[in-house]
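The values are calculated or read from the model by the stated rules, or taken from the named source; none is laboratory data. Keep in mind that what you see is a predicted model, and the values were worked out from it rather than measured. Every residue, glycine as well, gets a Cβ built from its backbone with ideal geometry; the counts of neighbours run over all protein chains shown.
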Amino acid sequence: MIITKKLRGLYRLEAVKKNVFGVVISKRKLTDWFDNLITNTGLNLHATSTVVNSVRVGTGTSIPQVSDVALQSQVATASIDSVESYKWQTNPYYAYSRYKFEFASGLDSNLSEVGVFNSSGSMFSRSQIVDTFGNRTNVRIYSDEVLIVYYELRIYQSLDDITGSITFTGFVGGTYDYVIRPAVATLSVGDCGDCIVTLGNLALYQHPTDFGDILDYPVGTECSTTDAVYYYSDYVANSNYRIATIRIGPESGNSDNSTGISVILFSLGFHYWKIMFTPYIPKTEEHSLTLNFGVSWGRY
């Protein structure tokens with residue numbers, strides 16, 4: 001069972017002036033939103049760690065490459081000032097986090113490149129600064145201005161059903177058909193800069209009356225998740241793939257009338273998902289159930 005995600009990042013720059021009390025008294029738009037290039041290092045970082053910690057600007061003019069590990073000519077750096085996380089409310093329903101970075105005053109420079117870095121100084125994203133028409137350009141920051149950079153990291157989930165069959169071994173062994181579908185697609189789940197394979201928010205359903213579409217929770221009788229746990233495979237560099245595992249222990253998900261587990265709801269990497277099994281899985285307190293989900297990701 002493999003779930004695929006796509007990553008996209010965008011920058012926007014502005015300059016502000018403040019009075020002696022630190023209150024903004026004027027604002028100057030420097031750019032519209034423009035796309036970035038997420039580096040190979042960035043794709044690797046997202047497998048295990050938080051990827052957004054600081055932004056750096058520079059005067060380099062080289063075209064960004066996926067192999068880049070630094071700006072060409074760095075001038076200044078700033079840490080996160082604030083972050084907000086949301087879900088886009090219409091199709092394609094991507095999750096996004098918007099980070100604000102505020103530089104110290106006195107920069108006084110012509111800038112042509114920008115990049116986002118993690119807490120260890122590894123570069124997640126780089127871009128040449130471009131104008132409204134997508135042409136490379138310089139932006140001027142004066143000594144009495146403060147540069148503000150916004151970075152928006154988006155994570156897109158596949159909105160199509162994923163179907164197949166899975167064979168379990170053990171006492172309740174056998175082959176079960178499944179359908180994996182996005183759930184509550186307008187609901188945000190955490191900071192998009194965190195590890196992309198993070199599991200959570202598990203719910204188990206015995207008697208579904210409605211599996212629901214991509215905007216819905218399943219409807220049905222829920223059962224216990226008391227001893228359910230999550231764990232993850234080691235990451236192989238440059239694979240952009242990791243296995244996330246849900247283990248439902250003896251105290252969780254047990255049938256009250258032998259109907260079994262029919263639907264599982266869970267969050268995985270900033271989105272909710274639900275999976276429906278046919279036939280139902282006849283789990284009791286004598287059983288544990290282990291489910292592995294492959295997670296792959298790449299550039300949008």
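Key figures for this structure:
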read-out: Filter result (among the hydroxyl-bearing types (S, T, Y), assigned to a strand (DSSP E or B) and crowded, with 22+ Cβ neighbours inside 10 Å) within the range 98-117; value: Y99
read-out: Residue list for the range 236-282, filter: over 19 Å from G200 (Cα atoms) and buried (at least 17 other Cβ atoms within 10 Å of the Cβ); value: N240, N254, S255, G260, F277, Y280, I281
read-out: Strands (runs of 3 or more DSSP E) fully within the range 1-63 counting 2 or more residues that are over 30 Å from D160 (Cα atoms) and either free of Cβ contacts under 8 Å to residues at least 24 places away in the same chain or touching a Cys at 6+ places or on another chain (Cβ under 7 Å) (or both); value: 24-29
read-out: Filter result (within 18 Å of I3 (Cα to Cα) and either out of contact with any Phe, Trp or Tyr (no Cβ under 6 Å at 6 or more places or on another chain) or acidic (D, E) (or both)) within the range 168-178; value: D177
read-out: Considering residues of the range 283-300 that are among the β-branched types (V, I, T) and part of a strand (DSSP E or B) only, the residue surrounded by the most Cβ atoms within 10 Å (Cβ to Cβ); value: V295
read-out: In the range 64-78, the residues that are surrounded by 17 or more Cβ atoms within 10 Å (Cβ to Cβ) and assigned to a strand (DSSP E or B); value: V75, T77, A78
read-out: Test result for V189, in the same structural domain as Y241 (by TED's automatic domain parsing), β-branched (V, I, T) and under 17 Å from Y272 (Cα atoms); value: yes
read-out: Filter result for S85 (crowded, with 20+ Cβ neighbours inside 10 Å, within 17 Å of the chain's Cα centre (by Cα) and part of a strand (DSSP E or B)); value: no
read-out: Flag for D32 being under 20 Å from M123 (Cβ atoms), in the same structural domain as Y99 (by TED's automatic domain parsing), in contact with a Lys or Arg (Cβ under 8 Å, 6 or more places away or on another chain) and not aliphatic (A, V, I, L, M); value: no
read-out: Residue match in the range 122-133 (condition: within 30 Å of L215 (Cα to Cα), in contact with a Leu (Cβ under 8 Å, 6 or more places away or on another chain), outside the structural domain of S288 (by TED's automatic domain parsing) and not in a loop (DSSP other than H, G, I, E, B)); value: no
read-out: Restricting the range 126-155 to residues that are closer than 30 Å to V189 by Cβ and not charged (D, E, K, R), the residue that is surrounded by the most Cβ atoms within 10 Å (Cβ to Cβ); value: L153
read-out: Selection from the range 213-228 of residues that are surrounded by fewer than 17 Cβ atoms within 10 Å (Cβ to Cβ) and among the small types (G, A, S); value: S224
read-out: Residues within the range 156-190 that are of a type in the set (A, V, I, L, M, F, W, C) and surrounded by fewer than 19 Cβ atoms within 10 Å (Cβ to Cβ), tallied; value: 8
